Each structure stands twice: as structure tokens, then as C-alpha cells.
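Notes follow the structure.
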Amino acid sequence: QVHLVESGGGLVQAGDSLSLSCVASGRISDTYNMGWFRQAPGKEREFIAAINWYGTSTYYVELVKGRFTISRDNTKNTVYLQMNTLKPEDTAVYYCAARGAGYRLENPGHYAYWGQGTQVTVSS
């Protein structure tokens, strides 16, 4: 079992930056791949980024590529999402998720563990 806790959300203005954190506890071997998702009001949950265990490989969807950066520090069991040049359309609840090895990073499925989410609101 893996427990994930996100933090760092808040209210910012368009163009600002925000950094999210996700701390994992429990069976850390099940956090080989870590991903970030988001869900805006009235919309389906959206996969936005993923990172492998070593932090040597990352994947981003086009909507956030060049603005968001995913990273991890395994000494702290923490994955981060640095978000720059935020836009009002980035407003959503952001979730981190974990899964074991064996999946391509661009595959948004098979995440077994989820955090409770952190709200990001970007005003225009």
C-alpha cells in the first residue's frame, strides 16, 4: 500500500508560478512511476506528466510541455511539479499518482495509488 499526500496548491494570478509536492509513504517500490493528473470542474481527469524512478525520463502532454517540470527526490520520497507561466485554464484539482514498473511513461493508465488532490486556481 502507498499513501500519497499533495501540497502546494493555492490561488495565483496568470503568469505566476507554483510548485506542487507529493510525499509518498508505505511500499515505495510501488512508486516506480509517478504521475500528475488534474481535474477541472465539469471535466474529466487529465493526465499531464510522469517520471520514472531514477528521474532520468519524463513525459509531458502538449498542453503543459515547456511550462511544467516534473521531478523527484527519492531520498525524500517526494515528487514535484513546478508550474510556470500559469494560465486560467490550468485551474483544477491536481493529483499525484503512483504505479509500479513496466509501463511506458506516456501510458496514463494503471496508476494504483492516488493522493487526495490539491486545488490550483489561476485568476486572469
Flag for Ile28 being at pLDDT below 95 and of a type in the set (A, V, I, L, M, F, W, C): yes
State which residue pairs qualify: first residue touching a residue at least 12 places away in the same chain (Cβ under 8 Å) and inside segment 12-37, second residue aromatic (Phe, Trp, Tyr) and assigned to a strand (DSSP E or B) in any location, beta carbons under 6 Å apart, and separation of 6 or more residues or different chains. Leu20/Tyr94; Ser21/Tyr80; Phe37/Phe47; Phe37/Tyr95
Those residues that are touching a Lys or Arg at 6+ places or on another chain (Cβ under 6 Å), farther than 21 Å from Ser19 by Cβ and either part of a strand (DSSP E or B) or not hydroxyl-bearing (Ser, Thr, Tyr) (or both), I need them from segment 77-120; list them, please. His110, Ala112
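The values are calculated or read from the model by the stated rules, or taken from the named source; none is laboratory data. It should be emphasised that the depicted structure is a prediction, and the values quoted were computed from it without experimental measurement. Because the Cβ atoms are built from the backbone with ideal geometry, glycine has one as well, and the counts that use them run over all protein chains shown.
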